Amino acid sequence: MRARASTAAGWMRGNRLGLLLTAALVGVGAGLGAVAFRYLIFGFTWLASGHSTFGQQGRVDSAHLPWLGWGVFVVMPVLGGLLYGPLIYRFAREARGHGVPEVMIAVAENGGRIRPQVSVVKALASALCIGTGGSVGREGPIVQIGSALASAVGQWMRMPENRLRVLVACGAAGGISATFNAPITGVFFGVELILRELSINAILPVMLSAMLADVISRLFFGSGAFFTGLPHDLVLGHAYNYLLVAVLAVVAALIGLAFSKMLYGIEDVCDRLWRNRPEWARPAVGGVVLGLLLLALPQLYGVGYPVMYRATAGDYTLWFLIVLTFGKMVATGLTIGIGGSGGVFGPSLIIGATSGMAFGEIVDHVFGTSAGQPALYAIVGMGAVFAAAARGPLTALASVVETTGDFTLTLPVMLAVAISTTISRVLSHGTIYTTKLIRRGTDIDRPTARHVFDALTVADAVHPFPAPIDTARTTDAAGRDSNAALERLLGPVTHTREPQALFANDSLAQALRQLVLYGRDGLPVLSTDGQHLDGWVNNQNVLRTVARRLAADEPDIAAAQRSAEWADPHAGDAEHDRGTQLAGYKIVEHTLAADTPASGRALSEIAWPPGHLPVSVLHQRRLVAPDPRLRLSAGDRISVLTPIEPGEHDRAD
């Protein structure tokens with residue numbers, strides 16, 4: 001059974017169709033994860049309040065704990081913090097916060113590797129946080145959940161890094177698609193914000209994942225537009241109203257930037273106040289402050305979409321819309337600052353809707369009905385604020401049009417998104433997502449050319465064997481005698497190790513990491529399906545191949561600032577894992593002495609035992625390929641790929 005799974009994984013890893021099938025699997029998983037996560041939020045909200053949604057009604061008692069009265073708004077954030085604080089601290093500290101930056105850094109700097117347990121911890125912690133009053137969104141967590149699931153599948157299949165990054169984007173796209181019932185938004189989010197590049201090899205699997213995730217979501221929640229409570233069939237009455245949309249875009253850009261600044265400013269204050277105290281207790285203690293804010297403004301409880309519906313329906317006065325706008329900024333920043341877990345996508349849409357509605361009320365008072373309905377400006381503001389905060393114009397445009405189902409607003413939303421994104425780029429380098437990384441020393445928006453180490457694969461650098469070796473073949477009983485004969489010929493064994501193999505389609509960046517860690521004289525190279533040993537690769541092969549490409553293309557490669565393992569205290573274990581171990585073989589090193597029979601003979605003159613293959617020679621202090629014409633001398637160190645004898649269980653040293 002294990003052999004069949006390994007064969008299937010090898011085919012999926014090396015075949016282009018295999019990437020699409022894996023993306024389909026990721027899409028289904030992300031869709032089911034999004035459904036489960038939404039039900040988790042509903043469940044924890046009901047347990048805490050006795051209602052499926054809570055807060056938009058104002059100060060009401062919990063149906064389960066009526067004796068608490070309004071105190072439920074203070075007690076629930078504290079109880080939630082007592083549960084998710086230790087959970088995050090103990091099992092996955094990268095599950096704290098809004099999640100998307102952790103996915104971005106995994107794709108940009110860590111080859112798409114995310115620890116598998118992140119998906120479970122993030123789902124539980126974020127659902128607890130939101131259900132007990134955390135004023136954050138569910139979209140960021142589902143992005144991290146879907147991405148962690150995709151990364152786990154890809155790592156299990158030993159996908160090369162270039163494909164693993166695409167799979168992580170597939171997981172993010174599937175999560176957004178299933179959450180918003182918006183597959184186009186999911187595709188743009190995965191490509192524009194996570195993968196940050198547009199290529200045909202990436203767009204097809206991302207589209208497939210987003211489509212399948214949305215199909216799964218529709219089976220549970222229906223096929224209607226996500227924001228069913230927003231007004232529809234809104235149109236601009238006159239062409240000159242586009243000038244008002246442009247003015248709104250400027251205001252929304254400033255609000256989006258203010259939201260980002262406030263988010264990290266509040267987090268800094270919380271860090272200073274909580275310095276040198278146990279992090280697991282931070283959400284519970286900070287929950288008291290969050291609870292007092294919710295008591296003053298209960299509409300900030302949880303995700304808050306019902307409040308957005310009431311705002312666009314005209315149920316709130318102008319001053320209260322302004323209070324909700326800045327109150328949501330503070331509440332989201334405070335939830336993240338005290339160590340909560342949740343996203344900022346949803347809050348940015350709510351902030352855009354309330355501020356846009358306030359703008360619409362103002363222009364309605366000034367210009368009358370000719371300015372159009374105030375709700376129109378609320379919906380345009382949703383896209384403009386998110387575009388300014390996240391600097392994802394395509395995602396912002398698609399999210400507003402798809403989630404409202406109102407395609408008549410495409411042109412005003414497009415104008416507002418373009419203006420707000422431009423202003424955001426002029427006034428701020430980092431976004432609400434990338435600022436978290438910049439503050440820790442990594443700028444994924446830095447200008448770089450295509451990295452040659454990621455563009456080339458091991459197949460470009462491998463020194464091929466005379467003929468491929470079937471990895472499934474077994475050794476015969478003469479193996480022990482062959483090893484003894486080899487010792488008499490080459491001298492005593494000075495070192496033995498079990499080799500870590502590379503796949504032919506692994507990137508040279510991945511190969512170089514493995515060579516530094518485990519390949520003093522090189523590593524064997526497996527075919528993409530894992531069925532054959534194709535050759536040997538060492539540091540010199542890699543660097544020589546890179547040098548040839550640089551000389552041919554002369555790219556302008558900027559110096560890249562690589563970030564260390566800041567998000568995960570054990571990130572090194574994931575990034576520098578032992579990789580794929582080559583079963584059935586060991587690498588035996590012999591150091592030739594002056595009286596060794598092989599000394600003075602060419603490699604072609606040596607009768608190598610069956611199955612034994614020289615792979616590298618340290619000759620006169622230079623590591624060289626095993627050229628048959630190479631004449632060995634005393635002091636040379638030769639590495640031989642040797643089959644493990646039947647019954648040999650001792651691990652190499």
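The values are calculated or read from the model by the stated rules, or taken from the named source; none is laboratory data. The structure displayed is predicted, hence computed values, not measured ones. Backbone-built Cβ (ideal geometry, glycine too); neighbour counts: all protein chains shown. Heads up: the accessible areas ignore ligands, DNA and RNA and are worked out on the full protein's heavy atoms, side chains in. Shrake-Rupley method; radii C 1.70, N 1.55, O 1.52, S 1.80 Å.
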Point to revise | Net charge dipole size for the chain [Lys, Arg +1 and Asp, Glu -1 on Cβ; Debye, nearest 20] | key: 620 debye
Practice item. Tell me which residues come under 5 Å, amide H to amide H, from Lys586 once H is placed; ignore anything under 5 positions away on its chain. Key: Thr642, Ile644
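Which value in deg cm²/dmol, rounded to the nearest 500, describes the helix-derived mean residue ellipticity at 222 nm for the chain, given -39,500 (n - 2.57) per DSSP H run of n ≥ 4 and division by the residue count?
On the way: 24 runs with 360 residues, N = 653.
When only DSSP H runs of four or more count, the value is -18000 deg cm²/dmol.
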Review point. Looking at the chain, how many pairs of lysines come closer than 24 Å at the Cα, when each pair is eight or more places apart or spans two chains?
Key: 5
**Study point:** Positive-end residue of Val624, Leu592, Ser604, charge dipole of the stretch 585-643 with Cβ unit charges
**Key:** Val624
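Is the C-alpha gyration tensor of the stretch 176-245 telling us rounded, prolate or oblate? Criteria: a/c under 1.5 is rounded; beyond that, a/b larger than b/c is prolate, otherwise oblate.
Oblate, because a/c is 1.5 or more while a/b does not exceed b/c.
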Revision key, fill the gap. Projected convex hull area of the chain, Cα atoms, direction-averaged, in nm², equals 32.5 nm²
Review point. Going toward the positive end of the dipole of the chain, with +1 on Lys and Arg Cβ and -1 on Asp and Glu Cβ, which of Leu204, Ile266, Thr422 do you reach last?
Key: Ile266
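Accessible area of the chain with a 1.4 Å probe: how many percent of it is carbon plus sulfur? Display every interim value, and only then the final one.
Numbers: 16320 of 26420 Å².
On the chain, the fraction of accessible area on carbon and sulfur atoms equals 62 percent.
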Review point. When only alpha-carbon atoms count, how far does the stretch 217-350 stretch along each of its three principal axes, as whole angstroms with the largest first?
Key: 58, 40, 26
**Study point:** Degrees between helix 200-221 axis and first principal axis of the chain (Cα, 0 to 90, nearest 10)
**Key:** 50 degrees
Check your understanding: Dipole magnitude of the stretch 183-301 about its Cα centre, charges +1 at Lys/Arg Cβ and -1 at Asp/Glu Cβ only, in debye to the nearest 20?
Key -> 320 debye
